[in-house]
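Take a look at the structure below.
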Amino acid sequence: MRHSGASADVIRSTALVDAIDAVLPQTQCGLCGYRGCRPYAEAIAAGEVPINRCPPGGNEVIAELAALLGKTALPLNTAHGHATPPVVARIDEAACIGCTLCIAACPVDAIVGARKLMHTVIAAECTGCTLCLPPCPVDCIVLEPTGAARDRDLQRSAAPRLRERYRAHQLRHAGREQQRRDRAASAAAARKKTVIAKALARAQQRLAGRKR
């Protein structure tokens, strides 16, 4: 089966994005300036940004991307952060008010809990992305060093699992947003129906009054 030139270009582009995304650590931290590793991979593939904007990956990922793309390895752009040893979020459970804001913010669903109940971090799944810190209204979340050294092999092996957790998080978020929109649309339709019914009732009353 032959592909048109445009289709072949799309396939090649998608394959390149996939290859770049496979190198990225899947922390989904946004430090690169994009909302997740995949959008950054797409920007790199399009030639829009350099390959040195991933602090979690550090110089190791930069070197791998340079080899993949046939580019010169650049030093990490520290304007986006530094390559630091692994950290993990910890919630002060006594101070947690159960607001669920951190649960919604965690891109890999590494925080569990329920509204008005204590939350806790699944340390093995936490990428140390820091995205849970800003929304916490009581500052009960801290980042603590794991005590482990940077380990690119471990990071590489965890990446596929983290990617799938991120996709699952996105799907759940999109589902909730669609439910919210559906409820809003239903409520608006009900209000409109009520307004129309009242207007018809008033018109019928006026018409009945004229016939008397």
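So which residues in region 35-45 are touching a residue at least 12 places away in the same chain (Cβ under 8 Å) and open to solvent by 20 Å² or more (accessible area, probe 1.4 Å), if there are any at all? Explain how you work it out, then say what you get.
Let us first name the residues in region 35-45 that are touching a residue at least 12 places away in the same chain (Cβ under 8 Å), namely 36-38, 40-42, 44-45.
If the condition is that a residue be touching a residue at least 12 places away in the same chain (Cβ under 8 Å) and open to solvent by 20 Å² or more (accessible area, probe 1.4 Å), then ARG38, GLU42, ALA45 are the ones that fit.
Would you check if ASP182 is surrounded by fewer than 10 Cβ atoms within 10 Å (Cβ to Cβ) and either in a helix (DSSP H, G or I) or modelled with pLDDT of 95 or more (or both)? Please lay out each step first, then the result.
Working: surrounded by fewer than 10 Cβ atoms within 10 Å (Cβ to Cβ): no; either in a helix (DSSP H, G or I) or modelled with pLDDT of 95 or more (or both): yes.
Judged against the criteria, ASP182 is not a match.
Specify which of the listed residues (GLN170, GLN205) is modelled with pLDDT of 75 or more, polar (S, T, N, Q) and more than 23 Å from ASP109 (Cα to Cα).
Working: GLN170 fails: more than 23 Å from ASP109 (Cα to Cα).
On inspection, the qualifying residue turns out to be GLN205.
Got a sec? Which of ALA73, ALA89, ALA63 is of a type outside the set (Ser, Thr, Tyr), open to solvent by less than 70 Å² (accessible area, probe 1.4 Å), touching a Leu at 6+ places or on another chain (Cβ under 9 Å) and outside any strand (DSSP E or B)? Give the steps one after another, and end with the answer.
Details: ALA89 fails: outside any strand (DSSP E or B); ALA63 fails: touching a Leu at 6+ places or on another chain (Cβ under 9 Å).
Residue meeting the stated conditions: ALA73.
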Matching residues in region 110-120 - criterion: being in contact with a helix residue (DSSP H, G or I) (Cβ under 8 Å, 6 or more places away or on another chain) and either of a type in the set (D, E, K, R) or open to solvent by 30 Å² or more (accessible area, probe 1.4 Å) (or both): VAL112, GLY113
Set LEU68, LEU31: member being assigned to a loop (DSSP other than H, G, I, E, B), aliphatic (A, V, I, L, M) and open to solvent by 30 Å² or more (accessible area, probe 1.4 Å): LEU31
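When you go through ASP139, ASP153 one by one, which is the residue that is within 30 Å of ASN59 (Cβ to Cβ) and either surrounded by fewer than 12 Cβ atoms within 10 Å (Cβ to Cβ) or modelled with pLDDT under 95 (or both)? Let's see the steps before the verdict.
Numbers: ASP139 fails: within 30 Å of ASN59 (Cβ to Cβ).
Being within 30 Å of ASN59 (Cβ to Cβ) and either surrounded by fewer than 12 Cβ atoms within 10 Å (Cβ to Cβ) or modelled with pLDDT under 95 (or both) holds for just one of ASP139, ASP153, which is ASP153.
If you take the residues of region 1-28 that are part of a loop (DSSP other than H, G, I, E, B) and at pLDDT below 95, which of them is surrounded by the most Cβ atoms within 10 Å (Cβ to Cβ)? Spell out how you get there, then give the answer.
Going residue by residue through region 1-28, those that are part of a loop (DSSP other than H, G, I, E, B) are 1-4, 24-28.
Applying the additional criterion that residues be at pLDDT below 95 yields 1-4.
Working: MET1: 2, ARG2: 5, HIS3: 11, SER4: 8.
Restricting to residues being part of a loop (DSSP other than H, G, I, E, B) and at pLDDT below 95, the top hit is HIS3.
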Flag for PRO107 being under 21 Å from the mean Cα position of the chain (by Cα) and open to solvent by 30 Å² or more (accessible area, probe 1.4 Å): no
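Could you please find all residues in region 121-136 being of a type in the set (A, V, I, L, M), farther than 22 Å from ALA94 by Cβ and surrounded by 12 or more Cβ atoms within 10 Å (Cβ to Cβ)? Please lay out each step first, then the result.
At the first step, the residues of region 121-136 found to be of a type in the set (A, V, I, L, M) are 121-124, 131, 133.
Among the residues that remain, those that are also farther than 22 Å from ALA94 by Cβ are: 124, 131.
Residue satisfying the conditions is LEU131 alone.
The values are calculated or read from the model by the stated rules, or taken from the named source; none is laboratory data. Please read all numbers here as calculations on a predicted model, not as lab measurements. Heads up, the Cβs are rebuilt from the backbone with ideal geometry, glycines too, and the neighbour counts pull from every protein chain shown. Just the protein is used for accessible areas: all its heavy atoms, side chains included, with ligands, DNA and RNA removed. Shrake-Rupley method; radii C 1.70, N 1.55, O 1.52, S 1.80 Å.
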